[in-house]
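The values are calculated or read from the model by the stated rules, or taken from the named source; none is laboratory data. Owing to the predicted nature of the structure, the values given are computational and were not obtained by experimental measurement. Using ideal geometry, Cβ is built from the backbone for each residue, glycine included, and neighbour counts are taken over all protein chains shown. These area figures cover heavy atoms from the full protein model, side chains too; ligands, DNA and RNA do not enter into them. Shrake-Rupley method; radii C 1.70, N 1.55, O 1.52, S 1.80 Å.
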Amino acid sequence: MTRGEEAERLVEERLRAALPEPEYRIYANVDWTGPVRDRGPARDGEADAVITHPEHGLLVLEVKAGEPSRDAEGRWHLGPRILPVSPFKQAETSKHFLRAKLVDLPDWPPGLDPQAGHAVAFPDVDLESLPRGHALLGVDAPKDLVLDATALETVDGIQGWLDHVFEYWIGDGGGRRAPLGEVGVELVDELLRPTVSLHRLVRG
């Protein structure tokens with residue numbers, strides 16, 4: 001198992017231990033394939049974790065092991081390795097793709113644009129290690145969206161962080177997006193945990 005896989009498993013286990021079911025549902029390592037924009041080329045992607053809640057909506061989480069850094073050019077690094085894509089952008093892309101797939105489902109309630117957000121987990125570092133005065137990791141990478149090692153240590157830390165992240169995306173509720181509701185949660189489950197079978201049709 002790679003260090004990245006170990007980090008993903010750790011985050012998943014901590015999330016499942018902290019978030020009660022069926023109120024929260026957690027989907028790990030969600031692979032997806034398709035275009036991320038209208039008439040765009042198909043591509044492959046993965047969401048390390050997807051969390052749903054009937055009132056708060058859907059959250060996509062990208063997990064990165066090791067000690068992340070960002071240089072003056074805006075490039076992200078894990079140790080000496082340059083990441084081809086920002087972890088925040090990875091999570092954002094998966095969020096948009098999954099939300100679009102949900103809305104396209106035949107049974108999705110007409111006109112319902114579900115609440116959805118994205119975040120990043122850095123389970124090997126603490127946000128308090130940022131230099132004094134650094135409130136952000138970048139304007140596209142707010143600290144509010146980072147799950148760090150300290151928050152992961154306790155159930156209260158995880159629950160408090162998650163409540164804060166959902167509030168961050170929902171705000172005062174003045175947006176046009178709506179909660180998933182029980183119906184939406186079940187449709188997410190059908191999308192991410194499909195049970196299907198195929199057979200030959202008898203024709204004529």
Hits in the stretch 168-182 - residues which are open to solvent by 90 Å² or more (accessible area, probe 1.4 Å), under 22 Å from D107 (Cβ atoms) and modelled with pLDDT of 90 or more: E182
Run E92 past the list (1) surrounded by fewer than 16 Cβ atoms within 10 Å (Cβ to Cβ); (2) among the acidic types (D, E); (3) under 15 Å from the mean Cα position of the chain (by Cα) and report the number of the one that doesn't hold. (1)
Those residues of the stretch 43-59 which are farther than 17 Å from K89 by Cα and out of contact with any Phe, Trp or Tyr (no Cβ under 9 Å at 6 or more places or on another chain), in sequence order: P54
The stretch 97-135, subset assigned to a helix (DSSP H, G or I), touching a strand residue (DSSP E or B) at 6+ places or on another chain (Cβ under 8 Å) and open to solvent by less than 80 Å² (accessible area, probe 1.4 Å), residue farthest from Y27 (Cα to Cα): L127
Out of the stretch 1-47, which residues are among the β-branched types (V, I, T) and either surrounded by fewer than 14 Cβ atoms within 10 Å (Cβ to Cβ) or outside any strand (DSSP E or B) (or both)? T2, V11, T33, V36
Criterion: modelled with pLDDT of 95 or more and under 18 Å from H56 (Cα atoms) - qualifying residue of V165, V155: V165
